[in-house]
Amino acid sequence: MNSIILKPFMVAALFLAAFSFPAAAQPDARALLDDFARGLDSLSAEFSQITVDGRDEVVEESYGRMYFQAPDLIRWDYLEPFPQVIVADGEQLWHYDESLEQVTVRPQPAPGDSPMLVLTRPELLEKFYRILPSDRPDQLRFEPLADQAEIEMARLTFRDGKPATLDLFDPFGQSTRLTLSNIERNPEIDPSVFEFEVPEGADVLEGL
């Protein structure tokens, strides 16, 4: 699967799913999650995303804004360096690459196929993740239970009671850091934000 499509949804999935982790270890981190997640219906934030390889060299860097609306609507607007839009509208997953004038559409993943959607069904989380020990009370470390998952480990860090960074580590030595800023909890989001219209002249490809 194209990484530019996979990574944003993985980032959002793990970041948002973490709000519903069962109370197991790390009571301080859990308290932070409880406080932030209580009554969470929508979310918007600016983000920066940086991927580095095993030699700590930056291989990809991007900036934009994300939106989430419970239970399963999400949008990522990549503004720099290459404008792209990724929308999950509850039924379809849309990816528009402005420079290629190309839209890829596929069915939105089911909870068993994508951790993003389990945030609406917290009882499923323990089937997909294992919480790991951490020496920091403001940090959650967790790993997927699946043997062939796209990541080996994730680390969610809070700052001033809010989620600040999410680090993803893959089996090939690469790591991706998502940094959130200007977080707005439970904003009113126009429903049209999660509706995607194919731009005139764009090619549409059916994804798998």
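The values are calculated or read from the model by the stated rules, or taken from the named source; none is laboratory data. This structure is a prediction, so every number in the text was calculated from the model and none was measured. Glycine gets a Cβ as well: all are built from the backbone with ideal geometry, and neighbour counts include every protein chain shown.
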Next on the checklist: Among (1) within 22 Å of F194 (Cβ to Cβ); (2) charged (D, E, K, R); (3) exposed (fewer than 15 other Cβ atoms within 10 Å of the Cβ), there is one condition E57 misses while meeting the rest; what is its number?
Outcome noted: (1)
Checklist entry - Which of the following residues is at pLDDT below 75, surrounded by 13 or more Cβ atoms within 10 Å (Cβ to Cβ) and more than 19 Å from V193 (Cα to Cα): A110, A24, A12, A31? => result A31
Checklist entry - What tally of residues in segment 167-197 results from selecting those that are in contact (Cβ under 8 Å) with a residue 40 or more places away in the chain and part of a strand (DSSP E or B)? => result 12
Checklist entry - Can you find a residue in segment 126-137 that is at pLDDT 90 or above and either part of a helix (DSSP H, G or I) or farther than 25 Å from D170 by Cα (or both)? => result no
Checklist entry - Among all residue pairs at least 6 apart or on different chains, which show Cβ distances below 6 Å where the first residue, located in segment 84-102, is closer than 14 Å to G207 by Cα and touching a residue at least 40 places away in the same chain (Cβ under 8 Å) and the second is surrounded by fewer than 21 Cβ atoms within 10 Å (Cβ to Cβ) and among the acidic types (D, E)? => result Q102/D203
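Using the structure shown, decide if G173 is in contact with a helix residue (DSSP H, G or I) (Cβ under 9 Å, 6 or more places away or on another chain) and among the small types (G, A, S).
Values: in contact with a helix residue (DSSP H, G or I) (Cβ under 9 Å, 6 or more places away or on another chain): no; among the small types (G, A, S): yes.
No: the conditions fail for G173.
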Checklist entry - Can we say T120 is surrounded by 14 or more Cβ atoms within 10 Å (Cβ to Cβ) and modelled with pLDDT of 90 or more? => result no
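Of these, D97, D89, which one is charged (D, E, K, R), modelled with pLDDT of 75 or more, surrounded by 13 or more Cβ atoms within 10 Å (Cβ to Cβ) and within 21 Å of P191 (Cβ to Cβ)?
D89
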Next on the checklist: Could you go through segment 171-180 and let me know if any residue there is more than 19 Å from the chain's Cα centre (by Cα) and surrounded by fewer than 17 Cβ atoms within 10 Å (Cβ to Cβ).
Outcome noted: yes
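Considering only segment 139-166, state which residues are among the small types (G, A, S) and in a loop (DSSP other than H, G, I, E, B). Reasoning before the result, please.
Initial filter on segment 139-166 (among the small types (G, A, S)): 146, 149, 154, 161, 164.
Correct list: A146, A149, G161.
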